[in-house]
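This report refers to the structure that appears directly beneath it.
The values are calculated or read from the model by the stated rules, or taken from the named source; none is laboratory data. Predicted, not measured: the structure shown is a model, and the values here were computed from it. Using ideal geometry, Cβ is built from the backbone for each residue, glycine included, and neighbour counts are taken over all protein chains shown. Just the protein is used for accessible areas: all its heavy atoms, side chains included, with ligands, DNA and RNA removed. Shrake-Rupley method; radii C 1.70, N 1.55, O 1.52, S 1.80 Å.
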Amino acid sequence: MKVGFIGLGNVGSKLAESLLRNKFDLTVIDLNNNLVKDFISKGSTTAKSPKELAEKVDLIITCLPSPKICADVMEKKGGVIEGLSKGKIWLEMSTTDDKEVKRIGELVKIKEAIPLDAPVSGGCHRAATGNIAIFVG
């Protein structure tokens, strides 16, 4: 399975590193180019846009700091939704709210893709060890 990860912040970078440790084919995007370069040096690839990332992978994970940023990454020109197609999965791990996840999830469904909400619990220290609780629904 090819995995795309958008958002390499405090928790996101730890979760993405766990995917690399477990030998997943990983493509990453972040506004911080130094973080992206670090992931490339460890074996991941990158994409020019969220749309391109979504086109390249089977599972798109977003781990972003706010509902607005998540909406922008998903909905703006060149966003994830433009790159979705039937059977792809969007796994939302951002700091957001349930109404926003449901709203964007409906847009994902229009593309015949699968939206999943996946809040996490355990913080950065547990994310770093790969021993974090993820509640998928």
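A quick yes/no check of all residues on (1) acidic (Asp, Glu); (2) open to solvent by less than 20 Å² (accessible area, probe 1.4 Å):
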| residue | (1), (2) |
| --- | --- |
| ILE89 | no, no |
| SER94 | no, yes |
| GLU100 | yes, no |
| LYS111 | no, no |
| VAL120 | no, no |
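Here LYS48 qualifies as outside any helix (DSSP H, G or I), more than 15 Å from PRO115 (Cβ to Cβ), of a type outside the set (Asp, Glu) and open to solvent by 30 Å² or more (accessible area, probe 1.4 Å). Suppose we filter the range 1-42 for residues that are at pLDDT below 95, farther than 27 Å from GLY87 by Cα and over 14 Å from the mean Cα position of the chain (by Cα); how many remain? Matching residues across the range 1-42 total 0. Within the range 1-21, being touching a strand residue (DSSP E or B) at 6+ places or on another chain (Cβ under 7 Å) and part of a helix (DSSP H, G or I) holds for GLY12, ALA16, LEU19, LEU20. Take the residues in the range 1-21 that are open to solvent by 80 Å² or more (accessible area, probe 1.4 Å) and touching a residue at least 60 places away in the same chain (Cβ under 8 Å); name whichever of them is nearest to ILE89 (Cα to Cα). Result: ARG21.
Can you confirm whether the range 87-99 contains a residue that is modelled with pLDDT of 95 or more, within 23 Å of ILE110 (Cβ to Cβ) and assigned to a helix (DSSP H, G or I)? Looking through the range 87-99, none of the residues is modelled with pLDDT of 95 or more, within 23 Å of ILE110 (Cβ to Cβ) and assigned to a helix (DSSP H, G or I). Only one entry in ILE81, ILE61, ILE69 is outside any helix (DSSP H, G or I), aliphatic (A, V, I, L, M) and crowded, with 17+ Cβ neighbours inside 10 Å, namely ILE61. For the range 22-45, the set of residues classified as in a strand (DSSP E or B) and either open to solvent by less than 30 Å² (accessible area, probe 1.4 Å) or under 23 Å from VAL120 (Cβ atoms) (or both) consists of ASP25, LEU26, THR27, VAL28, ILE29, listed by residue number.
Applying the set (1) modelled with pLDDT of 95 or more; (2) part of a helix (DSSP H, G or I); (3) open to solvent by 20 Å² or more (accessible area, probe 1.4 Å) to ALA54 leaves exactly one unmet item: (3).
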